[in-house]
Amino acid sequence: MFKLNRLAPLLSEEIVKRARLLNTTLLSDAMGCTGSMDYKIKPVAPGMRVVGTAMTVSLRPGDNLFLHQAIYDGGEGYVLVADGKGHTANAYLGELMAGAAKAIGLEGIIIDGCVRDKETLSELGFPIFAKGFIPNGPLKDGPGELHTAISCGGVSVQPGDLIVGDEDGVIVVPKNKIEDALEKAEKKLSYEQQRMDTIAAFEEKRKQGIAGGSIEPPWLREKMKEFGL
C-alpha cells in the first residue's frame, strides 16, 4: 500500500547535539538495557556512526522499489530506517543508491537485510548499517509502505524517533522518551568517566608499588549482601 510523503518533524538541534556526545551503550542502559536492534545489524565499515530523526519504509522481502522512493523523500537530519523483514538472499542497495542518499543529505540508512558493493560502500563515508553483504540484486515491483510505524531488527520504530548507531549496533529511542533517556545517559556518562579516572589512578599507584584502597563500585557490595557475601 502506498502512503503519501508525510515526514515527521526533525528533532531539535539541541537533542541531536546531546545525542552525538553519547553512544548506543549509554542510551540502552538509560532505557533499562532495551532499544537495541538485532545484533547482526552493524555498520558496513569501521568507524561509521549515525545520529538523527527516523524516517521509515517497509519493504517486501527482496524488493527495493519503495526504498528508492524513501531515499528521494529524505533530506538532511533524517536517518532512513528500512524494514527489510530480515531478508538476506538479496541486497537492498549498493553504491548507486548509497551515493544518491549521501548527495541528498540523508544522515544514514539502517536496513534489516543485506547490501552489496562492500568496497565502495566502505570508501563512500556514508553511514549504512545492515546485516551483511550479498551480490544478488533486488526486485523492483513493490508493494511497500512509507513513513509509517515499522519493526526493524526486532525493535518498533516510529517516524520521528531518535536513531543512534555506532560500532556496537543501532539504538531506537522513542520520541516520547528522548528527554528522559538523554538525561539518564548523560548521568551514566559522567559516572563512567569518574570510574575510569578512579581505575586509572589505582593502576598508576599499583605500578608505583603503592598498595591500599579499593576500586570496587559501591553498588557491588550491596548487591552481594543479598547472597550473604
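The values are calculated or read from the model by the stated rules, or taken from the named source; none is laboratory data. These figures come from a predicted structure and were not determined experimentally. Every residue, glycine as well, gets a Cβ built from its backbone with ideal geometry; the counts of neighbours run over all protein chains shown. Ligands, DNA and RNA are stripped out before the accessible areas are found, and what is left, the full protein with its side chains, is counted by its heavy atoms. Shrake-Rupley method; radii C 1.70, N 1.55, O 1.52, S 1.80 Å.
For the range 163-207, taking the residues that are of a type in the set (Gly, Ala, Ser) and closer than 23 Å to Ser36 by Cβ, the one that is surrounded by the fewest Cβ atoms within 10 Å (Cβ to Cβ) is identified as Ser190. Restricting the first member to the range 211-229 and to residues that are closer than 18 Å to Glu192 by Cβ, and the second to residues that are at pLDDT 85 or above and in a helix (DSSP H, G or I), the beta-carbon pairs closer than 8 Å and six or more apart or on different chains are Ile215/Thr198; Ile215/Ile199; Ile215/Phe202; Pro217/Arg195.
Output the residue which, of all residues in the range 122-140 that are assigned to a loop (DSSP other than H, G, I, E, B) and within 16 Å of His87 (Cα to Cα), is nearest to the chain's Cα centre (by Cα).
This residue is Lys131.
Before we move on, is Ile171 at negative phi and in a strand (DSSP E or B)? Taking the combined requirement at face value, the residue satisfies it.
Applying the set (1) open to solvent by 50 Å² or more (accessible area, probe 1.4 Å); (2) at pLDDT below 95 to Leu139 leaves exactly one unmet item: (2).
Based on what the data block shows, is Ile15 touching a residue at least 12 places away in the same chain (Cβ under 8 Å), crowded, with 20+ Cβ neighbours inside 10 Å and closer than 16 Å to Ile163 by Cβ? In short, no. Scanning the range 103-136 for residues that are open to solvent by 50 Å² or more (accessible area, probe 1.4 Å), over 19 Å from Leu59 (Cβ atoms) and of a type in the set (A, V, I, L, M, F, W, C) yields a single hit, Ala103. The requirement of being in contact with a Phe, Trp or Tyr (Cβ under 7 Å, 6 or more places away or on another chain) and within 25 Å of Gly47 (Cα to Cα) is not satisfied by Gly144.
May I ask you to verify whether Ala200 is more than 14 Å from the chain's Cα centre (by Cα), of a type outside the set (S, T, N, Q) and within 25 Å of Gly52 (Cβ to Cβ)?
No; evaluated as a whole, the condition is false for this residue.
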